[in-house]
Structures are given as C-alpha cells and as structure tokens.
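The values are calculated or read from the model by the stated rules, or taken from the named source; none is laboratory data. All figures in this text were calculated on a predicted structure; none of them were measured in a lab. A quick note on method: Cβ atoms are made from the backbone with ideal geometry, for glycine too, and the neighbour counts reach across all protein chains shown.
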Amino acid sequence: MLPVIHSDADLVAIDKPAGLLVHPSRLDAHEERTALQLLQAQLGERLFPLHRLDKGTSGVLLFARTPDAARQWGGAFDRGEVRKRYLALVRGWPAESGRIDYPLARDPELPSSGQARVEAVTQFRRLACFEWPFSVDGRHPVSRYALVDVNPLTGRRHQIRRHFKHIGHPLVGDATHGKGAHNRAVAAFLGTQRLWLHALSLVLPGGLRIEAACGPEWNGLGPPTAGAHTAE
C-alpha cells in the first residue's frame with residue numbers, strides 16, 4: 001500500500017517511493033504501475049493529480065478528490081502559490097546559497113534548439129559537504145558531493161535537474177542530466193542506486209503544510225566533511 005501522509009475531504013497526499021510513475025506516460029509506455037492507479041485502487045475513488053514528480057523522485061505527491069478541488073488547487077500550483085521544498089544530492093560543492101535564474105526550453109524531451117524558453121527560477125541552500133574516498137576520473141583520490149535544500153519558484157519539467165546541471169553541479173543518480181561515472185561510483189559506495197531527489201514538503205495557500213520524511217538511504221550519507229549547515 002502507498003503511504004498516505006495527508007487526507008481530508010478535498011485532498012489526499014502520499015509519500016511517493018522512488019521509481020514509481022505518477023500517471024501513465026508515453027515516455028515509459030511499458031510501465032503499468034502508477035501512483036494514480038495504485039492509490040485509486042487503494043482508496044476506491046477517482047483522483048486527480050495536482051502536480052508532477054519525476055519517476056525517480058520520492059516524496060510528497062498531492063491529489064485532489066473532486067473536480068472542484070482539482071480546479072481550485074490546480075490553479076494554485078499553476079499560479080506559483082504553492083511553496084515546494086526538496087532535498088538533493090549533487091556533484092561537487094556549490095555555493096553556500098544561491099538563486100538560479102535561467103530560462104528553460106518548455107519540453108526537456110525535445111532538442112532545446114528552436115524551442116521557446118520559459119522563465120525558471122530555483123533557490124538553494126547548501127546543507128552539508130562530503131568528500132568520499134574514491135576516484136571517478138583518476139585525477140583526484142577523493143570525490144566531492146553536497147546535500148542541498150532546494151526551493152523551485154517556478155514549476156518547469158525537470159527544473160531542478162536541469163538547473164543544477166546548468167551551474168555545473170548535476171544531481172547524483174540523474175541518468176539524463178547527470179554524469180554516468182559519478183552515478184555508478186556513488187551507487188557502489190552507498191549501496192543505493194536512485195535519483196537523489198526527495199520532495200520534502202508542500203505548503204498550500206492558507207498554510208496547510210504536508211511533509212514527507214526522507215527514506216533511510218539518506219541517513220547513510222555519513223558525517224559531513226566540511227562546510228556543513230544544519231537545516232532550520
């Protein structure tokens with residue numbers, strides 16, 4: 001059963017596991033199991049996804065229970081009124097904090113050349129730095145990674161993944177926008193292969209906060225090496 005972390009007359013939220021599609025997709029047409037299908041069967045009612053999480057992303061996923069609620073809360077997402085917070089593991093040590101203001105092509109599945117670009121803004125704060133005892137490129141005896149708290153201010157597809165690639169700190173485990181050698185090395189070191197991106201919380205207009213704690217694999221990152229900051 002999918003873990004339900006919030007339920008009321010209008011909304012239901014789950015802690016989506018990594019590796020599960022939100023709804024059927026032509027890009028993963030062979031996949032029959034989706035969060036939408038499983039949760040509808042679990043609750044015995046029709047549901048309406050209010051936003052997207054990539055297949056590899058875990059964490060808070062919100063559904064409306066009625067068409068009216070879907071229109072109301074879907075509009076809040078479209079207008080950027082829902083505050084989102086993510087946790088990500090990235091390659092290298094980014095700045096302690098920053099704002100990535102970089103327009104993105106609307107469809108990340110198509111070549112960006114010729115596509116109109118749309119506004120995309122992401123804020124982040126570095127939480128901890130790690131220096132792990134393995135070499136990826138043969139030039140350095142250790143490899144550096146960082147844990148970052150991420151707040152996307154717009155909601156473009158793959159926004160966090162594309163923005164961190166743009167600043168030279170791609171997400172670990174990202175097969176599309178990341179680096180395969182680093183993905184494989186970290187998976188071997190930590191014993192976990194996944195996209196290291198977790199949707200920690202949503203805050204809706206009116207103040208409703210829905211949170212999903214990180215899975216146990218995040219506790220296996222070990223102590224920070226340097227430049228660590230504790231989340232408030």
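Could you check, for region 57-70, whether at least one of its residues is surrounded by 13 or more Cβ atoms within 10 Å (Cβ to Cβ), free of Cβ contacts under 8 Å to residues at least 24 places away in the same chain, within 17 Å of Leu204 (Cβ to Cβ) and not acidic (Asp, Glu)? Yes, the conditions are met somewhere in region 57-70.
The set of residues in region 77-98 that are surrounded by 13 or more Cβ atoms within 10 Å (Cβ to Cβ) and in a strand (DSSP E or B) comprises Arg83, Lys84, Arg85, Tyr86, Leu87, Ala88, Leu89, Val90, Arg91, Gly98.
The criterion of being of a type outside the set (Gly, Ala, Ser), closer than 25 Å to Cys214 by Cβ and surrounded by fewer than 13 Cβ atoms within 10 Å (Cβ to Cβ) holds for Arg33.
Put simply, of Gly74, Gly155, Gly114 the only residue that is touching a residue at least 60 places away in the same chain (Cβ under 8 Å) and surrounded by fewer than 20 Cβ atoms within 10 Å (Cβ to Cβ) is Gly155. Filter region 202-232 down to the residues that are modelled with pLDDT under 90 and at positive phi, then identify the one that is surrounded by the fewest Cβ atoms within 10 Å (Cβ to Cβ). Going through the qualifying residues, I end up with Gly222. In region 171-193, the residues that are not assigned by TED's automatic domain parsing to the domain that holds Ala146 form no Cβ pair under 9 Å with any partner that is surrounded by 22 or more Cβ atoms within 10 Å (Cβ to Cβ) and of a type in the set (A, V, I, L, M), whether six or more places apart or across chains. Tallying residues that are assigned to a helix (DSSP H, G or I) and either within 26 Å of Lys84 (Cα to Cα) or among the aliphatic types (A, V, I, L, M) (or both) within region 142-191 yields 15. Close contacts from region 127-141, counting a first residue that is under 19 Å from Leu221 (Cβ atoms) and a second that is among the β-branched types (Val, Ile, Thr) and surrounded by 11 or more Cβ atoms within 10 Å (Cβ to Cβ), with Cβ to Cβ under 7 Å and a gap of 6+ residues or different chains, come to Leu127/Val148; Cys129/Thr225; Phe130/Thr225; Glu131/Val142; Glu131/Thr225; Trp132/Val142; Pro133/Val142. All of Tyr102, Tyr145 fail the test of being over 29 Å from Leu50 (Cα atoms) and in contact (Cβ under 8 Å) with a residue 12 or more places away in the chain, apart from Tyr145. Could you check, for region 60-72, whether at least one of its residues is among the β-branched types (Val, Ile, Thr), at pLDDT 95 or above and over 20 Å from Arg157 (Cα atoms)? Yes.
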